[in-house]
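The values are calculated or read from the model by the stated rules, or taken from the named source; none is laboratory data. Nothing here was measured: the structure is a model prediction, and the numbers come from that model. Virtual Cβ from ideal backbone geometry, glycine too; neighbours counted across all protein chains shown.
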Amino acid sequence: MLYSLYELNHLAVSPLRAAALFNGAMLRLPFNPVSSTNIGRNAAAAADVFETVTRRYRKPEWNLPWTAVNGAPVAVRAKPVFHGNWCTLLHFERDEAALERARGEPNRDPKVLLVAPMSGHYATLLRGTVEAFLPDHEVYITDWTDARMAPIFTGRFDLEDYVDQIMRMLRRIGPGAHVVAVCQPGPAVLAAVSLMSEENDPATPASMTFMGSPIDARKSPTTPNKLAEERPFAWFERNMIHTVPALYPGVFRRVYPGFVQLASFLGMNLERHLDAHGDYFSNLVKGDGDSAARHREFYDEYLSVCDLTEEFYLQTIRDVFQEHKLPRGLMRWRDREVRPSAIRATALMTIEGELDDISGIGQTQAAHDLCNAIPDSLREDYVQPGVGHYGVFNGKKFRTEIYPRLKSFIRRRRAAQRVKSQA
């Protein structure tokens, strides 16, 4: 019922949104005498803000047509290299000829799999992360399927299927890859690497990095962690799961809607978001186009959300945030025990943000305690001062302080592998 009401609300305000678009455009026409007045600028800005907050945000485009290597432009295209019902593996393929000209040598960049979070936003939330990696890496990313777009006959998709998909992606990329789990997928990626290590799988990654991940959500619990623990499991079943309406291919599928997750995120920092929209209005009135464009760029991504399957969401709530199965040694995959202690040759890096209000300090670092067979020489931990959850994988401090450390970590691991193979 809630999902249907949400869609009806969008339909109900669509005429008002169209009127706001028309009025804003008319008020900005250069030959309109009102356009240069204070009243006209305020009215146009108000129409713009109304349209922005009532718009239906679709899945964003990647918009990464090129990267710069040694100052030279290199064309990039997002190429699907694996299709599944629930995930597409994208390779950001760089023009090999242009890359070789820019470097003066053949491409030998390490392969990196970015595992995007499946927590209500699309993989494009990591656009800035991909952009940072592109000049120096062969970048792959998991592009998860929006559950409302998956027909009911597609079947179920739970946390164990998620782990299975990660292993399939690593095998598709091949030996020597480096996996980076951003936020939510941390426990699943650690489980996948544990299982592959135990099997001596040749595609076991050379390194694994966890960024702001709830490996052990008992440490420094944040507001979302406390909510998950304080509410009984039945409460989440009863209040967070809704049925996809007939507007979508996934009609009748039971899901955790993205708009519910978005409402939770907005509610956590409501004052900050209200202030941001207030500044947006002021910048429109002043004619500060650059600041207004940055606001639109951020919220076009932030307000674009996707749905999670009922089984994936509920299993994650129970196993990761309520019963803490991975750090307690109770996690299983297809009736197999998940043992991080089986990991011996995969290097480990953990990255946290000092001000992270989603995954508190220590939750990601817990991976070091679980992976007790990894030598100290293959470990690294870093806490970035002055950033919250989003800043761990995006923004200026990610580009200038976090990414250089991560790049160096991957390069050192690859160099050590080469020395070992030549010995």
For the stretch 118-144, enumerate the residues that are part of a loop (DSSP other than H, G, I, E, B) and modelled with pLDDT under 95.
Met118, Ser119, Gly120, Tyr122
Yes or no: the stretch 324-344 includes at least one residue that is more than 30 Å from Leu2 (Cα to Cα), touching an Asp or Glu at 6+ places or on another chain (Cβ under 9 Å), among the aliphatic types (A, V, I, L, M) and outside any loop (DSSP other than H, G, I, E, B).
yes
Does the stretch 24-32 contain any residue that is of a type outside the set (Phe, Trp, Tyr), over 30 Å from Arg156 (Cα atoms), outside any helix (DSSP H, G or I) and touching a Ser or Thr at 6+ places or on another chain (Cβ under 8 Å)?
yes
Considering only the stretch 104-117, state which residues are in contact (Cβ under 8 Å) with a residue 12 or more places away in the chain and part of a loop (DSSP other than H, G, I, E, B).
Asn107, Asp109, Pro110, Ala116, Pro117
Those residues of the stretch 372-393 which are touching a residue at least 40 places away in the same chain (Cβ under 8 Å) and either in a loop (DSSP other than H, G, I, E, B) or not assigned by TED's automatic domain parsing to the domain that holds Gly176 (or both), in sequence order:
His389, Phe393
Can you confirm whether Arg101 is free of Cβ contacts under 8 Å to residues at least 12 places away in the same chain, surrounded by fewer than 23 Cβ atoms within 10 Å (Cβ to Cβ) and of a type in the set (Lys, Arg)?
no
Could you please find all residues in the stretch 135-166 being surrounded by fewer than 21 Cβ atoms within 10 Å (Cβ to Cβ) and among the hydrophobic types (A, V, I, L, M, F, W, C)?
Met149, Ile152, Phe153
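Based on what the data block shows, is Glu61 within 28 Å of the chain's Cα centre (by Cα), crowded, with 17+ Cβ neighbours inside 10 Å and outside the structural domain of Met169 (by TED's automatic domain parsing)? Can you show your working first?
Values: within 28 Å of the chain's Cα centre (by Cα): yes; crowded, with 17+ Cβ neighbours inside 10 Å: no; outside the structural domain of Met169 (by TED's automatic domain parsing): yes.
So Glu61 fails the test.
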If you scan the stretch 353-369, which residues turn out to be under 15 Å from Leu190 (Cβ atoms) and either outside the structural domain of Arg328 (by TED's automatic domain parsing) or within 24 Å of the chain's Cα centre (by Cα) (or both)?
Ser359, Gln363, Thr364, Gln365, Ala366, Ala367, His368
How many residues, within the stretch 300-325, are closer than 22 Å to Arg56 by Cβ and modelled with pLDDT of 90 or more?
5
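Just to check your reading of the model, which residue among Leu274, Leu262, Leu284, Leu227 is of a type in the set (A, V, I, L, M, F, W, C), under 21 Å from the mean Cα position of the chain (by Cα) and assigned to a helix (DSSP H, G or I)? Show your work before the answer.
Values: Leu274 fails: under 21 Å from the mean Cα position of the chain (by Cα); Leu284 fails: under 21 Å from the mean Cα position of the chain (by Cα); Leu227 fails: under 21 Å from the mean Cα position of the chain (by Cα).
It is Leu262.
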Check the stretch 47-67 and report whether any residue there is in contact with a helix residue (DSSP H, G or I) (Cβ under 7 Å, 6 or more places away or on another chain), over 30 Å from Val244 (Cβ atoms) and in a strand (DSSP E or B).
yes
When only residues in the stretch 190-210 that are more than 23 Å from the chain's Cα centre (by Cα) and surrounded by 20 or more Cβ atoms within 10 Å (Cβ to Cβ) count, which is nearest to Glu160 (Cα to Cα)?
Leu195
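Would you mind finding the one in Glu297, Glu337 that is surrounded by fewer than 18 Cβ atoms within 10 Å (Cβ to Cβ), modelled with pLDDT under 85 and of a type in the set (D, E, K, R)?
Working: Glu337 fails: modelled with pLDDT under 85.
Just one listed residue meets the conditions, Glu297.
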Which numbered condition Ile410 fails, given (1) in contact with a Leu (Cβ under 7 Å, 6 or more places away or on another chain); (2) under 15 Å from Phe210 (Cα atoms); (3) buried (at least 21 other Cβ atoms within 10 Å of the Cβ):
(1)
Looking at Thr364 and the list (1) in contact with an Asp or Glu (Cβ under 6 Å, 6 or more places away or on another chain); (2) surrounded by fewer than 23 Cβ atoms within 10 Å (Cβ to Cβ), which single condition is not satisfied?
(2)
